[in-house]
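Here the structure comes first, spelled out in structure tokens, and everything after it is commentary.
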Amino acid sequence: ADATDRAAVRTEFAAADDELLALVVEFYSQDTISGQIGGTSYSMGSEQILFVDASSGAVTLNLPSPTGSIESGGHEGAMFRIKRVDTDEDNSATVASAASIEGGSSISLNCGAAIQVVSDGSAWWII
């Protein structure tokens, strides 16, 4: 197959899986890593990956509202990855939201734990 044939196959694949392809491109274009967060309350914004260090004190990460499209500055379809990197079991690390997270208002992270949360447009879900 020549380059024209390969391009046609790629175009057909993209058209057949247009929605998935758009999601993948959007995810990778927005994926950022924040610095390590510790000893405070922190409101998450556009960061996609956060490292949490509670060795200096309790940490609460506040998820944004799960509503509104990403294109309009909202978080429907957004995904956050959170990893607790300390080993201090005396301090807590909590992920909280005014909206539901798996039916509750917060999730506690044990030392070394990692979670991914994604918005369905009305709530946050752990995947």
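The values are calculated or read from the model by the stated rules, or taken from the named source; none is laboratory data. Fair warning: this is a prediction, and the values are worked out from it, not measured in the lab. Counting neighbours? That spans all protein chains shown, and the Cβs are built from the backbone with ideal geometry, glycine included. Surface accessibility is based on the protein's heavy atoms, side chains included, excluding ligands, DNA and RNA. Shrake-Rupley method; radii C 1.70, N 1.55, O 1.52, S 1.80 Å.
Observations on the model:
- Leading residue by the ranking (nearest to residue 48 (Cα to Cα)) among those in the stretch 89-104 that are in contact with a Leu (Cβ under 9 Å, 6 or more places away or on another chain) and open to solvent by less than 40 Å² (accessible area, probe 1.4 Å): 95
- Pairs linking a residue in the stretch 58-74 that is surrounded by 14 or more Cβ atoms within 10 Å (Cβ to Cβ) to a residue that is part of a loop (DSSP other than H, G, I, E, B) and of a type in the set (A, V, I, L, M), with Cβ atoms under 7 Å and 6 or more positions apart or on different chains, are 61/44; 62/44; 63/44; 64/44; 66/123; 70/78.
- Considering the stretch 1-116, the qualifying strands (runs of 3 or more DSSP E), each wholly inside and each with 1 or more residues that are at pLDDT 90 or above, run over 59-62, 79-84, 93-101, 104-108.
- Selection within the stretch 110-127 - hydrophobic (A, V, I, L, M, F, W, C) and either under 11 Å from residue 63 (Cβ atoms) or open to solvent by less than 40 Å² (accessible area, probe 1.4 Å) (or both): 113, 115, 117, 118, 123, 124
- Taken together, the criteria exclude residue 107 from residues that are touching a residue at least 12 places away in the same chain (Cβ under 8 Å), of a type in the set (Val, Ile, Thr) and open to solvent by less than 30 Å² (accessible area, probe 1.4 Å).
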